[in-house]
Amino acid sequence: VPDLRRIQSVNADATFGGFLGGPLILRTGLLGIIGRYLAERSGSEAVLTVAAIGPFALAIGAIAMVAILLVVRRRPSLELARGRGASGLLILAAQLWEATLLAGGAALVGLLLAVGIVPGRASGLSLWLALATGAAASLAMVIATWPVVRRRLGGTAREDASVLPASARRLVLEVTGVGLSVAGVLLLQQRGLVIGTGRVGEVVRLDPFLAAVPVLAGVAMGIVAMRLYPLPIRGLSWLVARRRDLVPVLGLRNVGRHGAAANLPLLVLMLTAAFGAFASVVLSSIDRGQVQSAWAQVGADYRIELAASKEGTAPDVTKIDGVGAVAAAYLEQAATFADSSSQRSQVVFDAVDTQAYAAVVGGSPIAVDWPSGFTVVDDATQPGTPESPIPAIVSGKLPSGSGPLHAGDPFTVEVGIHNLSFVVVDRRESFPGVHSEGAFVVVSLKTLQRAQTDAPLLPSVLFVSGPPEVEAGLVAMASDDSSLTVFSRYAEYAMQRRAPLVAMVTGGFRIALLVAVFYAGFAIVGALTLTASRRSQDLAFLRTLGLSAPQALGLTVMEQGPPVVLALVPGVALGIWIAVLLAASLGLSAFVGAEGPLAINVSWLEIGLVGGALVMVVTIAGIASTWLARRAQAIDALRLGGD
């Protein structure tokens, strides 16, 4: 990059003596190509980091939840060991040894699977990350055992507290976490996900804290929900207590009484729902942006360009089956523009058949809203004269050397052999089918043809509407006539999706979403499995009082339903809000070639599928847990804890 900059600054547009005595002009476009590539690579690294942090946080939450519930289940045996003389250090060492065998073995197996399945260069960091994962899981088991070890010996009144203890230290940590997430959201909005402007040669760095902001926001919302969810549960318990049946009130009071079993799955489910909604919005926004970009690049379903020698002799494409509307246009890439007597600049000049083009792109993302008076010209005078200028749409970026242009300002453009007069009726940043990083002018083709009666202006472009099946016929026609060049928005869209960096981003988010759903299912199944003994004992007592099988299933639904609802609805809303709030900061526009921020698109179908998958996992796990509890012998369940 420094060498290219030096060449461009010293030798660009410089003329040298050639080997054959002719001039040699040196120009290069590599600097712009490398700049666009670096911007896309920085954006893909940043967005993939966000996609990786989400499942990583869910894995931490799931492992910590299983560790806490496992210690809760083992609390009677741990207290028994403490009562029989085992020291706290001995119990912690035993837990650490067991967790090391389980988590360490799983981490090494995962490392071998990752190295064998994922293609890529080997990295020494993989081993250290696998060891850190196993160490973190082992440490979670030890930390979860610590409160039981340091508790005074004696009987406990309950299996666990109704809510997590709101000690001063815990409240300070939770408030700090919520404050960091709020500060991170504000900082990410101001600075963006990547530090640096993305100019060629500039070192662009990813800030890990900013990349973790979406996950931190989800954790903050989960903390708030964990603190507030007992309030609606108590309100519902008070309402259903007025009913005559037993199942609703008993299920809701079980949720309030066994706080750890409800709080921890609530946090994991909320994080999964938030990340799923966030990933869905990102993927659907990129896909919608690629569709709109393909439309804007081609200008229609298909664009046929005629060679300069073949202008006006366009083939009859309506003979191809499936072809719909057809619109003609005249396109000149280097027309001379002037808004004063001393100014001359090059612009892209595009004359379009407005009515036919509206039929071609009607209902598409690039349907043109023509300004009022765009095609209205006084029939009594010759259009293109200073007395009757042709209405024109001018680009937001003005030609070099021109003064400010506003609606109603005149200018001239040399079209063919004529110097015609125009008037500005609208200013727009882009126009479909016009490939220009500079200035452009768009007018009505029919009005322009009326201005050139002595030398009729012949079309050089055809815009065609049709399904993907039409492309084969158009390509065959172009192969028979080398003067025709066919461009397809379907091919453009497919090319954008196959771009390596874009494919990695979309594929990475899909993999991350699947991993997140897996961890949520693992957390739910683990929670129901580790609380199965308590549920079996409760059902055994209730069966002696006449509890039926449908009532047992309803009791499980009432226990698992409220946490799921309280997790999915705020989690989905949080994921969508984060995506909308941070859309401009994620740099997603680099994947669709858009200059401005990418428009956010919410696919409710995909979000519904993610939520439905989570509900299905909870439902299947709840039904299986109830069925296993019903199969247990009542006498065996009643003996639990009898020692």
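The values are calculated or read from the model by the stated rules, or taken from the named source; none is laboratory data. Model, not experiment: these values are computed from the prediction. Glycine gets a Cβ as well: all are built from the backbone with ideal geometry, and neighbour counts include every protein chain shown. With ligands, DNA and RNA removed, areas are computed over all heavy atoms of the protein, side chains included. Shrake-Rupley method; radii C 1.70, N 1.55, O 1.52, S 1.80 Å.
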statement: Taking placed amide H atoms and a strict 5 Å upper bound, the residues 5 or more places from V415 or on another chain that come that close are L420
task: Pull up all non-local amide H partners of I390: gap of 5 or more, or a different chain, and H-to-H distance under 5 Å with H placed in the peptide plane.
output: G384, S421, F422, V423
message: Please compute the length gained on full extension between S603 and E414, using 0.36 nm multiplied by the number of residues separating them and subtracting their Cα-Cα distance.
response: 63.3 nm
query: Magnitude of the Cβ-charge dipole of segment 406-526, K/R +1 and D/E -1, about the Cα centre, nearest 20 debye?
result: 480 debye
statement: The Kirkwood hydrodynamic radius of segment 56-97, taken as the inverse of the mean 1/r over all distinct Cα pairs, in Å, comes to 11.4 Å
- line: Here the gain from full extension of A367 to V475, 0.36 nm per residue of separation minus their alpha-carbon distance, amounts to 36.3 nm
- request: Could you compute the FRET efficiency for F518 and L131, with r as their C-beta to C-beta distance and R0 at 30 Å, rounded to 0.05?
  value: 0.85
message: Can you tell me the length gained on complete extension of the stretch V172 to S9, counting 0.36 nm per residue apart and subtracting the Cα distance?
response: 53.0 nm
query: So what is the accessible area of segment 427-517 per residue, in Å², with the probe set to 1.4 Å?
result: 48 Å²
- request: Return the distance in nm (one decimal) between the two label points of a simple spin-label model at M616 and A358, each offset 7 Å from Cα along Cα→Cβ.
  value: 4.6 nm
statement: Placing each pseudo-label 7 Å from Cα in the direction of the beta carbon, A93 and R510 end up separated by a distance in nanometres of 5.2 nm
message: Not counting ligands, DNA or RNA, and with a 1.4 Å probe, what is I33's accessible surface area in Å² rounded to the nearest 10?
response: 90 Å²
statement: Carbon/sulfur accessible area of segment 348-405, % of total, 1.4 Å probe, equals 51 percent
message: With only alpha-carbon atoms in the gyration tensor, what are the semi-axes of the equivalent ellipsoid for segment 381-540, in Å, largest first?
response: 60, 24, 14
task: Please give, to one decimal in nm, the separation of the simple spin-label points placed at R344 and K397, each 7 Å out from Cα toward the Cβ.
output: 2.3 nm
query: Could you give the dipole magnitude of segment 301-436 about its Cα centre, charging the beta-carbon of Lys and Arg +1 and that of Asp and Glu -1, in debye to the nearest 20?
result: 320 debye
